[in-house]
Structures are given as C-alpha cells and as structure tokens.
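Undergrad: Please read through the structure below; I'll follow up with questions.
Throughout, read-outs are computed from the coordinates displayed, never taken from laboratory work. These numbers come from a predicted model, not from an experiment. Reconstructed Cβ throughout: ideal geometry from the backbone, glycine too, with neighbour counts over all protein chains shown.
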Amino acid sequence: MKRSLPLFALLLCSFFAQAQADKVRQLVQQRQQQLLQEYLQFVAIPNVMGDSINIHRNAAFIQQMMERRGIATQILTLPIKGASPLVVGQVKVPGATTTMGFYAHYDGQPVNPAQWAKGLSPFTPQLTTDRLDRGGSFVPGNAVPAVIPEKMRLYGRGSADDKAGVFAIIAAYELMKQSGQQPKANLTFIFEGEEEVGSIHLDDYFTQHKALLKADLWMICDGARHVTG
C-alpha cells in the first residue's frame, strides 16, 4: 500500500503539469501517516461477496472518502437480489471535452481464517516491521509512524487486491488537488463490488447508466502482486 500512493499520484501527474511531480512527492511524505490510518479503517471492513451488510458498508465508506475530498459521489444499485452497489465519483472540469475513467474493485475473495498467518485475523489489519517470512514483527497497537519505513507491511484481507487500488486512486486525486493543479480532463471513478465473481452485473450498470459512466479512456487499477511482495 505504501508504494501505491506515490505510484498513482505520479500516474495522475501525467495529466497535470509535470513540474508538480516533486510537490506531489512531498505531499505524499507529509500525509502518509494520516492516509495509512484511514486505510486501516477501510481494510477492517469485511468485503466478501455475499455478505450484503458489509459490502454496503464498504460502498458507504468509499463514498465518504470521496465526499471528504470534494468529489461528487453517488451509489448506484440494481433491482436484482444480491447485486452489489457501484460507487461512482465524478470531477467535472470547465471546458474539458474528454473524460478519463478510473476503475478498481472493493470486493474480495472468501477467506479461511485457519489458513491466515499465525496470530493474525483476516479482517483485523495488522502492521508489521517487515514481511513476516523475513523476520518482521507486529507493530504494537498498529501505531503508524510519521515516516513509514520502506520495509513496513500491512497484513489484511483485500489490502492489496484491490482496496489498494481504490484507496490509491482517491488519495492520488486528493494530492493532485492539494498540489494546486487542475486536471485537463473530466474524471470518473468507478468502484465495483463484484469483480471477484466475474463482474456479473457490471454490464447492467453500464447499460442502464450509459451517459453517466461514459469515458474516453479507462485506467484499470488492478493487477499482479508487486515485485517486492
């Protein structure tokens, strides 16, 4: 997660003034403690498809995160039993003629707690000084330091796939905004709650909300594990 924030911040830099990259890096360093504390709250919400109550809690938490950052947000639902909500955020730029879409998903795979690392619970996020298989130890009380060490890790179900994508997109937008830059394109953020079961209702959402969800380019923020592990 620590690496995700500068990665996506710099990704969005390509659509702002490139000269702001250093300022964004400085903002990442200044805000990393607060951002990680917020992220721990997000990871603590169970996100297994079929757990309707907690799936809706995740959607509401995402909506609140975007609203705190001044992003116009709405939660879309379908009249289909079991369909997870789609969280949509939009930033309209005066005079912009194109729209960039950013996608990530907030649902996760089912988990067997017995197969989780010793001393850990899947939905009780835990900071460690390093990877546990490299001698890392638990950080007492999940105390987030002002400067996050390079080796520090966060253990929690969905902390990488794909809540990291959700949070990095939102945090990156906030950092761009704080850097004083204005995007040149409209931005649409879409956060789905059914990717792990094949995005079974995503087509329904796009069909029913075609104008709202239209974009000229999509950035899919989900993928393989980072090479650092």
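Undergrad: Which entry is the computed Cα extents along the principal axes in Å for this structure: (i) 53, 48, 28; (ii) 56, 41, 35; (iii) 50, 43, 29?
TA: From the options (i) 53, 48, 28; (ii) 56, 41, 35; (iii) 50, 43, 29, the structure gives (i).
Undergrad: Pick from Ala172, Ala96, Ala44: which is most flexible by mean-square fluctuation in a GNM of the chain where alpha carbon atoms under 10 Å apart are linked?
TA: Comparing Ala172, Ala96, Ala44 in a Gaussian network model of the chain, the most mobile one is Ala96.
Undergrad: Let me ask another. To the nearest 20 Debye, how big is the dipole of the range 97-229 about its Cα centre, given +1 on the beta carbon of each Lys and Arg and -1 on that of each Asp and Glu?
TA: For this selection, approximately 520 debye.
Undergrad: On to the next question. Show me the trypsin sites (Lys or Arg not before Pro) within the range 58-122 that DSSP assigns to loop and that have at most 12 other Cβ atoms within 10 Å of their Cβ.
TA: Lys81, Lys92, Lys118
Undergrad: Across the range 108-229, what fraction of all alpha-carbon pairs, as a whole percent, falls in each successive 5 Å bin from zero upward?
TA: Final binned percentages: 2, 8, 14, 17, 18, 14, 12, 8, 6, 2, 0.
Undergrad: Work out the FRET efficiency for Lys151 and Gln34 from their Cβ-Cβ distance, taking R0 = 30 Å, and round it to the nearest 0.05.
TA: Between Lys151 and Gln34 the formula returns 0.90.
Undergrad: What helices in the chain pass both tests, a Cα length along the helix axis of 15 Å or more and a mean Kyte hydropathy of 0.5 or higher, using whole DSSP H runs?
TA: For the chain, where a helix must reach 15 Å along its axis and average at least 0.5, the hits are 163-178.
Undergrad: What value, in deg cm²/dmol to 500, does the helix sum -39500 (n - 2.57) over DSSP H runs of n ≥ 4 give at 222 nm once divided by the residues of the chain?
TA: Rounded to the nearest 500, it is -10500 deg cm²/dmol.
Undergrad: So, one more: Can you tell me what share of the DSSP beta bridges in the chain is antiparallel? A percent to the nearest 5 is fine.
TA: 55 percent
Undergrad: Provide the gained length on full extension for the span Arg57 to Asn142, in nm with one decimal, where the gain is 0.36 nm per separating residue minus the Cα-Cα distance.
TA: Full-extension gain reported as 28.4 nm.
Undergrad: Looking at the chain as a GNM with Cα springs under 10 Å, which of Gly193, Gly158, Gly136 has the largest mean-square fluctuation?
TA: Gly136
Undergrad: Additional query: Spin-label point model (7 Å from Cα, Cβ direction): what's the Val111 to Ala211 distance in nm?
TA: So the two model labels end up 4.2 nm from each other.
Undergrad: What's the center-to-center distance, using Cα atoms, between the range 156-229 and the range 40-80 in Å?
TA: Cα centroid of the range 156-229 versus Cα centroid of the range 40-80: 13 Å apart.
Undergrad: Name the most mobile residue of Ala83, Ala215, Ala143, meaning the one with the largest mean-square fluctuation, in a Gaussian network model of the chain with Cα contacts below 10 Å.
TA: For the chain, modelled as a Gaussian network with Cα springs under 10 Å, the answer is Ala143.
Undergrad: Could you tell me how many cubic angstrom of Cα convex hull volume the range 14-139 has per residue? Mind dumping the intermediate values first?
TA: On the way: hull volume 20.6 nm³, N = 126.
Spread over its residues, the Cα hull of the range 14-139 gives 164 Å³ apiece.
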